[in-house]
Amino acid sequence: MSEVLRLTAPLPEVVAEDSALDQALQGLRAGSGPLGVDAERAGSYRYSQRAYLVQVFRRGAPVLLLDPIGIEDFSRLAELLAGEEWVMQAAHNDLECLAEIDLVPSRLFDTELAAQLLGLEKVGLASLVESHLGYTMRKGHGQADWSARPLRRSWLEYAVLDVEVLPDLQDALAEDLSDAGKNEWARQEFEHQIRPRTSTDPDERWRRTGSAGRLKTDAQRGALRALWLLRDEIARTRDIAVHRVVRDQVLVEIAKVQPTSTEELAAVPNLPRPLLRHASRWLDAVRDGASQPQRLPARTDGPPARSLRAWEQRDPEAAERWTALKSRVIERAQDLKVWTQTLLAPDIVADLAWQPPTDPGARMLELGARDWQVKNTVDLIEG
């Protein structure tokens, strides 16, 4: 049985003021090697996706626990981290909230991505620490309300251990990548990971509401849009997660039923009772939204949703190509010992199957595929 991972030094104090940051950074300067970086958010509780704790670790130095609520200026830390290699687990979860405080990596090693490139079945931090470092990690507090103050000691211990293991884990995974001949694959994936992402059109986000496909009329979709916007406004104003106002499935049911009275609204299954205190706002949203019908997006030349039935209805031959290409990509991923979606993103697979390009490699690059992905899959594409 693996040994439980524990702190090997006293729990560091949380740095919560700009005036204390300079002294804390002196310790980090004394360390060496890559930097383990992590952040804790409160997405299950708060509307904001901001960081409520930032952890930085370097061998030979104590872990830095930084409170973004109290620290206003992270520029000195950003200067210290500039040009250094960051080691992160599932970096896509934290890069955006770190960028909000001007902490952006120029070089990255993502332990989760490395594990996917190696084809490992379990790529969570606890699983990787056990398989590669021989330690068991206690159940974490990743879903805790990190916006709460003061932060509990058990949470801070978890935060320290989460970041302390990253440099050692990098060493182990980097060796495996080298042995597997996948160093260049990893380099390209890590560089891609730190590129800025295109923002989603905010006016279209309501269409991704869970269970929205149950709505059959334009008036119902109009009601859903108005309800979604009202929920978003309430959640943003109160800084609470949107599902804590009302869950998607209930929002869709309100749009479907289109109640006109408090009694009808109260009859909606699983409706949060506090919502009835402001029933008029929700009823007004239903009425106003239904009077502004929202049509389904016009069909384009692009592939439909990832539903085989939708493909078969629009283009049976394309559906056959899609099914065949997915199977070939899965088989190639198994041969290469890499996760299928890491070998080639599902959206790229769909695009290539919908309308086979005359130059598959060029089209793949245009869609965002990396060179290593093109080289390992281009022969699977029907020209």
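The values are calculated or read from the model by the stated rules, or taken from the named source; none is laboratory data. Everything numeric in this text was worked out from a predicted model, so none of it was measured. Heads up, the Cβs are rebuilt from the backbone with ideal geometry, glycines too, and the neighbour counts pull from every protein chain shown.
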* Scan region 157-179 and give yes if some residue there is in a loop (DSSP other than H, G, I, E, B) and either free of Cβ contacts under 8 Å to residues at least 40 places away in the same chain or more than 30 Å from TRP372 (Cα to Cα) (or both), otherwise no. => no
* Asked: If we keep just the residues of region 360-383 that are without any contact (Cβ under 8 Å) to a residue 12 or more places away in the chain and over 24 Å from the mean Cα position of the chain (by Cα), which is surrounded by the fewest Cβ atoms within 10 Å (Cβ to Cβ)?
  -> ASP379
* Structure fact -> Conditions (1) over 22 Å from the mean Cα position of the chain (by Cα); (2) surrounded by fewer than 17 Cβ atoms within 10 Å (Cβ to Cβ); (3) part of a loop (DSSP other than H, G, I, E, B) -> LYS122 fails only (1)
* region 243-270 residues that are free of Cβ contacts under 8 Å to residues at least 24 places away in the same chain, paired with ones that are polar (S, T, N, Q) (beta carbon under 7 Å, 6 or more apart) -> VAL250/ASN270
* **Residues being crowded, with 17+ Cβ neighbours inside 10 Å and part of a strand (DSSP E or B) - total across region 49-71** => 9
* Under the condition of being surrounded by 13 or more Cβ atoms within 10 Å (Cβ to Cβ), out of contact with any strand residue (DSSP E or B) (no Cβ under 7 Å at 6 or more places or on another chain) and charged (D, E, K, R), which residue from region 1-48 is farthest from ARG59 (Cα to Cα)? -> ARG46
* Mind checking whether some residue in region 310-326 is farther than 30 Å from ALA223 by Cα, at pLDDT 95 or above, not assigned by TED's automatic domain parsing to the domain that holds ALA180 and not in a helix (DSSP H, G or I)? -> no
* Asked: Can you tell me which residues in region 327-347 are out of contact with any helix residue (DSSP H, G or I) (no Cβ under 7 Å at 6 or more places or on another chain), part of a helix (DSSP H, G or I) and surrounded by 13 or more Cβ atoms within 10 Å (Cβ to Cβ)?
  -> GLN341, ASP347
* To do: Output yes when any residue across region 257-265 is crowded, with 19+ Cβ neighbours inside 10 Å and at pLDDT 95 or above, and no when none is.
  => yes
* To do: Working only within region 82-91, note down all residues that are over 20 Å from LEU25 (Cα atoms) and either touching a Phe, Trp or Tyr at 6+ places or on another chain (Cβ under 9 Å) or at pLDDT below 95 (or both).
  => ALA91
* Can you name the residue in region 230-253 that is in contact with a helix residue (DSSP H, G or I) (Cβ under 7 Å, 6 or more places away or on another chain) and in a loop (DSSP other than H, G, I, E, B) and, of all such residues, is surrounded by the most Cβ atoms within 10 Å (Cβ to Cβ)? -> VAL246
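Conditions tested, residue by residue: (1) assigned by TED's automatic domain parsing to the domain that holds LEU35; (2) surrounded by 15 or more Cβ atoms within 10 Å (Cβ to Cβ); (3) assigned to a loop (DSSP other than H, G, I, E, B); (4) on the phi < 0 side of the Ramachandran plot.
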residue	(1), (2), (3), (4)
ALA148	yes, no, yes, yes
GLU189	yes, yes, no, yes
GLY210	no, no, yes, yes
TRP228	no, yes, no, yes
* Asked: So, of the residues in region 72-88 that are touching a strand residue (DSSP E or B) at 6+ places or on another chain (Cβ under 7 Å) and not in a helix (DSSP H, G or I), which turns out to be surrounded by the most Cβ atoms within 10 Å (Cβ to Cβ)?
  -> VAL87
* Asked: Could we say that ALA144 is within 17 Å of TYR52 (Cα to Cα) and surrounded by fewer than 18 Cβ atoms within 10 Å (Cβ to Cβ) here?
  -> no
* Asked: Can you tell which of GLU112, GLU121, GLU79 is free of Cβ contacts under 8 Å to residues at least 24 places away in the same chain, within 20 Å of LEU28 (Cβ to Cβ) and out of contact with any helix residue (DSSP H, G or I) (no Cβ under 7 Å at 6 or more places or on another chain)?
  -> GLU79
* Is there a residue in region 275-285 that is under 23 Å from HIS192 (Cβ atoms), surrounded by 14 or more Cβ atoms within 10 Å (Cβ to Cβ), of a type outside the set (D, E, K, R) and modelled with pLDDT of 95 or more? -> no
